[in-house]
Every structure is written in structure tokens, then in C-alpha cells.
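Trainee: Sharing a structure here in C-alpha cells format.
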Amino acid sequence: MTDDQLSEHEEYRNQRRRMVNEQLIKRGIRNQRVLDAMAQVPRHEFMPPDRRVEAYYDGAVPIGQGQTISQPYMVAYMVESLRVEPEHRVLEVGAGSGYQAAVLSRLAAEVYAIELIPLLASRAEQALQRLGYENVHIISGDGSIGYADAAPYDRIIVAAAAPEVSSSWIEQLTVGGLIVAPLGG
């Protein structure tokens, strides 16, 4: 790495630490595994290059195709609510940039993330591969029907509001599994 790259790397690491301390811990995120995952995953690597300056901003940021990368607090809140254990297999509906899948990969044995928009699925897959997230599988498809090929899942997380819990998700969930999804319009 050049001196400039080292400096940039250190600056992003400092921004992640501030994000964890000021946006997550101060708002009540307590699960240390979730906090550690959020501190490790380089959110800026999942954003368009022209938006990286906003990577650790306290809000959602556009990633193209009319979609956003969720606010860090919302990612941490939903992931903490999911109560992921190291042996779990997780389905993420709405992979978007791949950021939340990367966070989940630090907590679970295996993550399947399905994305409706092919371009976003491709970008997410490229970012995850480039960064070495080997236990994440990106699928281009309709998340409202889940992903039966890899079912059952111990946990299912839905990134965007759904009108109701899909019967497919319930069918693909293990007995005693958990679904976290924002419901509504």
C-alpha cells in the first residue's frame, strides 16, 4: 500500500469506529458480535465511488437503480433483532449493495442474499468476492418467494418493507427460526 492508501484506510477505520460509538452504541445496540461486525465491514466498499464520502453518514445513501444502502443504525438494529448464532444459515431478502450480507457473514455460517435488480445483484456479488466474503451467496431473483434451493434457513431478514410475511419465507424457515421484516406500505 502507498502512504495515501494507508492514510485512506486508517481514515475509513476511524470513521467506522465513530459510527459504532456514536450511531450504534449511543442508540442502544448492545450485542457485541453485531458491534464488532459493523466495525469490521468496510461500508464504503459497498457504495458507488462518488458516494463514498457519505459511507459512514447517519442515514440511507443512494446506490443507484432507485435503491439505497440502509442507515447503519437500521442495519445494526435489524441484525441484532435477528439474534444470529455462528452455526446459522441466513436468507437476506433484498441484498442491495451487499453490505448487510457482509455484516451477516461475520455472524452466521452461511448467508444467501437475494436481489431483484440484476445490476445490483451483480455489483453486490463483485464487491463481496473482491473483499473475500466466501460464505455469502448472491442470487438474482424475486425475494418475495425466498430461495428454496438452499432452504431451510435458521433466520430470514427482509431489507425493505413488505406488505405481509410471505408464506414462502415461512415454509423455508427451520422450526424455531426467526424472521425480521419491516411490514407495511
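Trainee: Within segment 56-69, can you find the residues that are closer than 14 Å to Gly96 by Cβ and either out of contact with any Ser or Thr (no Cβ under 6 Å at 6 or more places or on another chain) or open to solvent by less than 20 Å² (accessible area, probe 1.4 Å) (or both)?
Mentor: At the first step, the residues of segment 56-69 found to be closer than 14 Å to Gly96 by Cβ are 60-69.
Hits for segment 56-69 are Val61, Ile63, Gly64, Gln65, Gly66, Gln67, Thr68, Ile69.
Trainee: Taking segment 162-185, which residues are open to solvent by 60 Å² or more (accessible area, probe 1.4 Å) and part of a strand (DSSP E or B)?
Mentor: Residues satisfying the conditions are Val175, Gly176, Leu183.
Trainee: Tell me, please, whether a residue that is open to solvent by 20 Å² or more (accessible area, probe 1.4 Å), within 23 Å of Arg130 (Cα to Cα) and among the aliphatic types (A, V, I, L, M) can be found in segment 26-40. Lay out the reasoning, then the answer.
Mentor: Going residue by residue through segment 26-40, those that are open to solvent by 20 Å² or more (accessible area, probe 1.4 Å) are 26-28, 30-33, 36, 39-40.
Retained after the next criterion (residues that are within 23 Å of Arg130 (Cα to Cα)): 36, 39-40.
From what is left, the residues that are among the aliphatic types (A, V, I, L, M) are 39.
Among the residues of segment 26-40, at least one is open to solvent by 20 Å² or more (accessible area, probe 1.4 Å), within 23 Å of Arg130 (Cα to Cα) and among the aliphatic types (A, V, I, L, M), which makes the answer yes.
Trainee: Still on this structure: Out of Ser105, Ser168, Ser122, Ser140, I need the residue that is polar (S, T, N, Q), in contact with a helix residue (DSSP H, G or I) (Cβ under 7 Å, 6 or more places away or on another chain) and under 22 Å from Val61 (Cα atoms). Which one? Please lay out each step first, then the result.
Mentor: On the way: Ser105 fails: in contact with a helix residue (DSSP H, G or I) (Cβ under 7 Å, 6 or more places away or on another chain); Ser168 fails: under 22 Å from Val61 (Cα atoms); Ser122 fails: in contact with a helix residue (DSSP H, G or I) (Cβ under 7 Å, 6 or more places away or on another chain).
Of the residues listed, the single one that is polar (S, T, N, Q), in contact with a helix residue (DSSP H, G or I) (Cβ under 7 Å, 6 or more places away or on another chain) and under 22 Å from Val61 (Cα atoms) is Ser140.
Trainee: Among (1) touching a residue at least 24 places away in the same chain (Cβ under 8 Å); (2) open to solvent by less than 40 Å² (accessible area, probe 1.4 Å), there is one condition Pro152 misses while meeting the rest; what is its number?
Mentor: Of (1) touching a residue at least 24 places away in the same chain (Cβ under 8 Å); (2) open to solvent by less than 40 Å² (accessible area, probe 1.4 Å), only one is false for Pro152: (2).
Trainee: Among the residues of segment 91-143, what is the count of those that are in a helix (DSSP H, G or I) and either open to solvent by 30 Å² or more (accessible area, probe 1.4 Å) or not aromatic (Phe, Trp, Tyr) (or both)? Before the answer, list the steps.
Mentor: Keep residues of segment 91-143 that are in a helix (DSSP H, G or I), which gives 99-105, 118-130, 143.
From the residues that got through so far, the ones that are either open to solvent by 30 Å² or more (accessible area, probe 1.4 Å) or not aromatic (Phe, Trp, Tyr) (or both) too are 100-105, 118-130, 143.
Of the residues in that region, 20 qualify.
Trainee: Answer with yes or no whether Glu85 is surrounded by fewer than 20 Cβ atoms within 10 Å (Cβ to Cβ), acidic (Asp, Glu) and under 14 Å from the mean Cα position of the chain (by Cα).
Mentor: Values: surrounded by fewer than 20 Cβ atoms within 10 Å (Cβ to Cβ): yes; acidic (Asp, Glu): yes; under 14 Å from the mean Cα position of the chain (by Cα): no.
No, not satisfied.
Trainee: Oh, and also: Looking at segment 152-171, is at least one residue aromatic (Phe, Trp, Tyr) and farther than 13 Å from Val90 by Cα? Outline the logic, then answer.
Mentor: Within segment 152-171, the first condition is being aromatic (Phe, Trp, Tyr), and the residues that meet it are 153, 169.
Among the residues that remain, those that are also farther than 13 Å from Val90 by Cα are: none.
Checking segment 152-171: not a single residue is aromatic (Phe, Trp, Tyr) and farther than 13 Å from Val90 by Cα.
The values are calculated or read from the model by the stated rules, or taken from the named source; none is laboratory data. As the structure is a prediction and not an experimental result, all values here were calculated from the model. With ideal geometry, Cβ positions are generated from the backbone for all residues, glycine too; neighbour counts draw on all protein chains shown. Ligands, DNA and RNA are stripped out before the accessible areas are found, and what is left, the full protein with its side chains, is counted by its heavy atoms. Shrake-Rupley method; radii C 1.70, N 1.55, O 1.52, S 1.80 Å.
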